[in-house]
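The structure under discussion appears below in the form of structure tokens.
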Amino acid sequence: MMETVAAAGLEIYLYRSRIRQGECWSSVVAPGLWLGTLAAGRVVVGGDEDDAPEGGAAPADWAPGSAARFWAADGFESRHTALADGAIAGVFLRVLPDAVEDLLGPDGARLTGGAGRAAAHVPVSMGLVWRMLGITGPAAARRLHLTAAALHLLGHVVEAGEADGTRTEPATPALSPADIERLHAARELLLRDLAAPPSVPDLARAVGLNARKLGRGFQALFGSPVYAFVKARRLDEARRLIEEEGLGIAEAAWRVGYSPAHFSTAFRKRHGLAPGAACGRR
């Protein structure tokens, strides 16, 4: 599954799928400054070095832990081959040619000079990559959060490239494809009963992880601790119940596990308006 979000001179591609070893596919790389990184899976990008199109990245083995940055002066077709069975997930950014100078200033000319450059592989914060893949929420807010995270990621990688790849990144837990599936299962269990979610130890047992790995992995994958995630989703669901289904404030609060006495303050902190104002938007 490929999702595309366009904003602020960027195209953000969020990719998730399952692949089999040896599976091949192609994609069209449009002109622009590209940044690509995998969060899970291993693939070879390109074919024989002599066949690499001008403006594209040379064939390379891509795996989590680094990002490939390259300038494509012209569009071209890129080939991919899976090196192992399992889940694959990645984040790919394209800075549109007309937006390079606006976003990068004078450095843009250095990064885009000539017909094209081979990919520069630089370290990347995997926690930030997983966070982008896990961002949820109302469409407009999610788009803004994704754009901010994409600019943050781009800044990390450009800065890392300036340091010739010597920059160290924060340690993040190693997540196997099986771990990722278990964490997604944990997320679904939480969403299934927001009013009375399981405790972290119970949730960990339910999906086959220990509590420490669940906590660290959940934050790396979805961008927040388990309890913060539940609180945010509760308040998002409460707003939906008020605005879309017409529930009263007290009923919406009880439905998502809040007492009315504490609901208004939490709702205002999350959404920037009082529950009564949300009622007026129906």
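Bear in mind that the values in this text are calculations on the coordinates, not laboratory data. Note that the coordinates shown come from a computational prediction; the quantities given were computed from them, not determined experimentally. Neighbour counts are summed over all protein chains in view; Cβ atoms, including those assigned to glycine, are modelled from backbone coordinates with ideal geometry.
Descriptive notes on the structure:
- Positive contributions from Lys and Arg (+1) and negative ones from Asp and Glu (-1), summed over other residues with Cβ under 9 Å from the Cβ of residue 31, come out at 0.
- Neighbourhood net charge (14 Å Cβ-Cβ; Lys/Arg +1, Asp/Glu -1) for residue 143: -1
- Label-point gap, in nm, between residue 7 and residue 202 - each point 7 angstrom along Cα→Cβ: 3.6
- Between residue 152 and residue 28, the contour length at 0.36 nm per residue exceeds the Cα-Cα span by 42.1 nm.
- In summary, the convex hull built on the alpha carbon positions of segment 222-282 has an orientation-averaged projected area of 4.0 nm².
- When you count the other C-beta atoms within 10 angstrom of each residue and take the mean per peptide, 225-232, 17-24 line up highest first as 225-232, 17-24.
- For segment 177-279, radius of gyration divided by Kirkwood radius, i.e. Rg to Rh on alpha-carbons: 1.04
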